[in-house]
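Colleague: Following this message is one structure expressed as structure tokens.
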Amino acid sequence: MARMSLEDLRAEVQKVDRDIIALIYERVRLAEDIFEAKRALGVGIEDKNQEKLVMKRALDMATELGLDAGAVKEIFAILIRMSLEKQHELLGENNLP
């Protein structure tokens, strides 16, 4: 099997980066649906138990794959924050007049 050139490897990284961004977009879009479901149920936006479950799943998977769990924790903290910010935005909070 021939080795990939540096240029080809960088192109592959660029594809992965595009996939990551698309998945972040999809995750935030799902936060909109989650907001609507929470509103229909009459529950608040913040759910610390769910946040802990999401973080545990991420850290467990990171550990299984041999990734830096601390770095993955930081990434998922940002993803959770982005979802909560989107839901607060949909609620009409944090909007400029």
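Colleague: What are the pairs with Cβ atoms under 9 angstrom where one residue, in segment 3-27, is under 28 Å from residue 77 (Cβ atoms) and touching a residue at least 40 places away in the same chain (Cβ under 8 Å) and the other, located anywhere, is β-branched (Val, Ile, Thr) and surrounded by 10 or more Cβ atoms within 10 Å (Cβ to Cβ)? Sequence gap at least six, or different chains.
Modeller: none
Colleague: For segment 48-68, how many residues meet the condition of being surrounded by fewer than 14 Cβ atoms within 10 Å (Cβ to Cβ) and not charged (D, E, K, R)?
Modeller: Looking only at that region, the number is 7.
Colleague: Residue 45 fails exactly one of the following numbered conditions: (1) surrounded by 12 or more Cβ atoms within 10 Å (Cβ to Cβ); (2) assigned to a helix (DSSP H, G or I); (3) among the hydrophobic types (A, V, I, L, M, F, W, C). What is the number of that condition?
Modeller: Of (1) surrounded by 12 or more Cβ atoms within 10 Å (Cβ to Cβ); (2) assigned to a helix (DSSP H, G or I); (3) among the hydrophobic types (A, V, I, L, M, F, W, C), only one is false for residue 45: (2).
Colleague: Can you pull out the residues in segment 48-60 that are acidic (Asp, Glu) and out of contact with any helix residue (DSSP H, G or I) (no Cβ under 8 Å at 6 or more places or on another chain)?
Modeller: Scanning segment 48-60 gives a single hit, 60.
Colleague: On to the next question. When the residues of segment 66-95 are filtered to those that are touching a residue at least 40 places away in the same chain (Cβ under 8 Å) and over 13 Å from residue 29 (Cα atoms), which remaining residue is farthest from the chain's Cα centre (by Cα)?
Modeller: My answer is 91.
Bear in mind that the values in this text are calculations on the coordinates, not laboratory data. Keep in mind it's a predicted model, so treat the numbers as computed, not measured. Using ideal geometry, Cβ is built from the backbone for each residue, glycine included, and neighbour counts are taken over all protein chains shown.
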